[in-house]
Amino acid sequence: MSGGVLAVLVAWGVVTGVDLVSFLQAMVARPLVAATVAGAILGDPGAGVLVGMVLELFALEVLPVGGARYPDYGPAATAASVVAVGGGVAGVALGVVVGLAVAHLGEWSVVVLRRWNTRRVRDAAPGLDAGDLHTIQRVQLAGIARDALRALVLTLGGIGLAAAARRWPPVEGRAALLLLAVLVGIALATAAMNGKRLAPGRTGFAWLTVGLTGGIAWLALR
Amino acid sequence: MAGPPVTAFVRAGLRLLTVQACFNHERMIGVGVGYATEPLLRALPDGVTGDRYRNAMRRASTYFNAHPYLVGLAVGALARAEHDDVPGPQVERLRTALVSPLGALGDRLVWAGTLPAASAVGLVLSTDARAGLGAIAMLGLYNGPHLLLRVWGLLAGWRYGTRVGRALANPLLRLALRVVGPVAALAIGIALPLVAAHLVGAFDLAVWAGVATGAALAAGVLKWVAPTLGAVRLGLIATAVVVLGAAW
């Protein structure tokens, strides 16, 4: 990977990290989007799509309501693509593992960031309580800067982990294929369980079942 | 009443894109709400040096939490209340009253509706040979309603002011609330078999047995054994087991 590609990839990881909460929330942080673009940056969008699809199923578990804790899949999917591109089935399997690990670290990093924000807001309380625009502006914009720093560290760490997984793959061949199968199974069940609770009572289960039937019929007719 | 100019609404709308930038455990997104409301308060009598502006700004950046896409409703309504010279305690009560409904509405409409539905459509289209189609469709399907909601929220909030509850009774919003959850569940149902076939369809029975094992594990563990474990941690534990098993 050239220095230019690495720089663009890191920039993309930061954009996806900031998109999670701080700025815009246009869902470029979703793994399907983040991994597809990362794959394209690395010259193989197809591999990015594959790893992004598995991580997207995992991400369907998350309902980011209120102050809930949730994994950060943007930088995670970016790092996952680094492993998946050119790595075949084993690359996709290890990419998903790296993605999950970085997403988990991302969840922790968001908690740390919120504590950091809380301290800064406490420090700025006199200005905020007085309604001073400059204080409000400073606190608000510094929040984005802190989140960008968090996303940068997470992306760099993720790419480092991805490089290690490529160099010293913990599983290869048949074992990697089985690992991918188990992870896909977990991801599918997670998405199904989440789909069931999107509508009240048994309605969600009913609509999910109708959809499953339709999907199977689509497959059969294809 | 001389209201704020159009540019103030544009500025407030842009600032709303950063409303969660300083999310914290004390004021939640209150600072972001103050930052977004400020352009709409500049047109208050006596301008930015007046007491009304200062008092309004003081109220604007206290504790607040709601769904980020619907915060515009609160920003518009609170700014309008300040322009209408509504007494401070009443503005504060309005602010408090908006927290729960705007949070619950946005969570149902967006996080438990539009987002999973767009995600499922993106997944289905990702099984197509043209890489990137799924991601583009997902972004398009999601961000259309997303941006519409943000713009509508700010304008409706300003229009209704202290009667902002009427905006929440919008029939289109009520209809969307009724259909979006079932649509999302249906879309996920359609996506699952297609995605499974795309990811592992070309492989043998042993691989499908692995998929079934993973699915049974997730269903059992996440539903009954450890519901708070989460799929990410379960995936990492399963990886450790497979890697150790392969090494052994």
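The values are calculated or read from the model by the stated rules, or taken from the named source; none is laboratory data. Since we're looking at a predicted model, the values are computed, not measured. Virtual Cβ from ideal backbone geometry, glycine too; neighbours counted across all protein chains shown.
Rundown of residues vs (1) over 21 Å from residue A:51 (Cβ atoms); (2) part of a helix (DSSP H, G or I); (3) under 31 Å from the mean Cα position of the chain (by Cα), yes/no style:
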site	(1), (2), (3)
B:203	no, no, no
B:206	yes, yes, no
B:223	yes, yes, yes
B:243	no, yes, no
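Can you tell me which condition residue B:26 does not meet? The list is (1) over 24 Å from residue B:102 (Cβ atoms); (2) of a type in the set (Asp, Glu); (3) at the interface with chain A (Cβ under 9 Å from one of its Cβ atoms), and all the others hold.
Looking at each condition in turn, residue B:26 falls short on (1).
Considering (1) at pLDDT 95 or above; (2) under 20 Å from residue B:35 (Cα atoms), say which one residue A:167 fails and leave the rest.
It fails just one condition, (2).
Would a scan of the stretch A:123-140 turn up a residue that is in contact with a Phe, Trp or Tyr (Cβ under 6 Å, 6 or more places away or on another chain) and either more than 7 Å from chain B (Cβ to nearest Cβ) or surrounded by 15 or more Cβ atoms within 10 Å (Cβ to Cβ) (or both)? Lay out the reasoning, then the answer.
So in the stretch A:123-140, the residues in contact with a Phe, Trp or Tyr (Cβ under 6 Å, 6 or more places away or on another chain) come out as A:136, A:140.
Then keep just the ones that are either more than 7 Å from chain B (Cβ to nearest Cβ) or surrounded by 15 or more Cβ atoms within 10 Å (Cβ to Cβ) (or both); that gives A:136, A:140.
Within the stretch A:123-140, one or more residues are in contact with a Phe, Trp or Tyr (Cβ under 6 Å, 6 or more places away or on another chain) and either more than 7 Å from chain B (Cβ to nearest Cβ) or surrounded by 15 or more Cβ atoms within 10 Å (Cβ to Cβ) (or both).
Give the stretch A:4-28 a look and list any residue that's facing another protein chain (nearest Cβ under 9 Å) and of a type outside the set (A, V, I, L, M, F, W, C), or say none.
Result: A:22, A:25.
Just checking, does the stretch A:191-210 include any residue being more than 8 Å from chain B (Cβ to nearest Cβ) and over 30 Å from residue B:108 (Cα atoms)?
The answer is no, given that none of the residues of the stretch A:191-210 is more than 8 Å from chain B (Cβ to nearest Cβ) and over 30 Å from residue B:108 (Cα atoms).
I'd like the residue in the stretch B:29-59 that is within 10 Å of chain A (Cβ to nearest Cβ) and small (Gly, Ala, Ser) and, out of all such residues, is farthest from residue A:146 (Cα to Cα).
B:56
Would you tally the residues in the stretch A:29-74 being touching an Asp or Glu at 6+ places or on another chain (Cβ under 6 Å) and at the interface with chain B (Cβ under 7 Å from one of its Cβ atoms)?
The total comes to 3.
Looking at (1) in contact with a Gly (Cβ under 7 Å, 6 or more places away or on another chain); (2) over 18 Å from residue A:70 (Cβ atoms), which one does residue A:150 not meet, given that it meets all the others?
If we test residue A:150 against (1) in contact with a Gly (Cβ under 7 Å, 6 or more places away or on another chain); (2) over 18 Å from residue A:70 (Cβ atoms), just (2) comes out false.
Condition (residue is surrounded by 19 or more Cβ atoms within 10 Å (Cβ to Cβ), facing another protein chain (nearest Cβ under 9 Å) and touching a helix residue (DSSP H, G or I) at 6+ places or on another chain (Cβ under 6 Å)) applied to the stretch A:105-112: is it met by at least one residue?
No: zero hits.
Can you find, within the stretch A:26-56, the residue that is surrounded by the most Cβ atoms within 10 Å (Cβ to Cβ) among those that are free of Cβ contacts under 8 Å to residues at least 24 places away in the same chain and not in a helix (DSSP H, G or I)?
A:27
Residue by residue through the stretch A:49-65, note down the ones that are within 16 Å of residue A:193 (Cα to Cα), over 9 Å from the mean Cα position of the chain (by Cα) and at pLDDT 95 or above.
A:54, A:57, A:58, A:60, listed by residue number.
Have a look at B:243, B:200 and point out the one that is more than 28 Å from residue B:125 (Cα to Cα), among the β-branched types (Val, Ile, Thr) and at the interface with another protein chain (Cβ under 7 Å from one of its Cβ atoms). Give the derivation first.
Values: B:200 fails: more than 28 Å from residue B:125 (Cα to Cα).
Selected residue: B:243, the only one of B:243, B:200 that is more than 28 Å from residue B:125 (Cα to Cα), among the β-branched types (Val, Ile, Thr) and at the interface with another protein chain (Cβ under 7 Å from one of its Cβ atoms).
To keep it simple, each residue is scored yes or no on (1) surrounded by fewer than 19 Cβ atoms within 10 Å (Cβ to Cβ); (2) without any contact (Cβ under 8 Å) to a residue 60 or more places away in the chain.
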site	(1), (2)
B:33	no, yes
B:41	no, yes
B:46	yes, yes
B:57	no, yes
B:67	no, yes
B:81	no, no
B:87	yes, yes
B:93	yes, yes
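Return yes when residue A:102 is over 24 Å from the mean Cα position of the chain (by Cα) and aliphatic (A, V, I, L, M) and no when it is not. Break it down stepwise before answering.
Working: over 24 Å from the mean Cα position of the chain (by Cα): no; aliphatic (A, V, I, L, M): yes.
The answer is no for residue A:102.
Which condition breaks for residue B:186 when tested against (1) assigned to a loop (DSSP other than H, G, I, E, B); (2) hydrophobic (A, V, I, L, M, F, W, C); (3) buried (at least 22 other Cβ atoms within 10 Å of the Cβ)?
Result: residue B:186 fails condition (1) only.
Could you grab me the full set of residues in the stretch A:113-122 that are facing chain B (nearest Cβ under 7 Å) and closer than 18 Å to residue B:58 by Cα? Break it down stepwise before answering.
Looking only at the stretch A:113-122, we keep the residues that are facing chain B (nearest Cβ under 7 Å), and these are A:114, A:117-118, A:121-122.
Listed by number, the residues that qualify are A:121, A:122.
For residue B:171, state whether it is without any contact (Cβ under 8 Å) to a residue 40 or more places away in the chain, outside the structural domain of residue B:215 (by TED's automatic domain parsing) and farther than 29 Å from residue B:94 by Cα.
Here the answer is no, as residue B:171 does not meet what is asked.
With the requirement that a residue be at positive phi and in a helix (DSSP H, G or I), what does the stretch A:65-91 give you?
Looking only at the stretch A:65-91, we keep the residues that are at positive phi, and these are A:66, A:86, A:88.
Answer for the stretch A:65-91, where residues must be at positive phi and in a helix (DSSP H, G or I): just A:88.
Any chance you could count how many residues in the stretch B:127-138 are crowded, with 20+ Cβ neighbours inside 10 Å and among the hydrophobic types (A, V, I, L, M, F, W, C)?
Result for the stretch B:127-138: 2.
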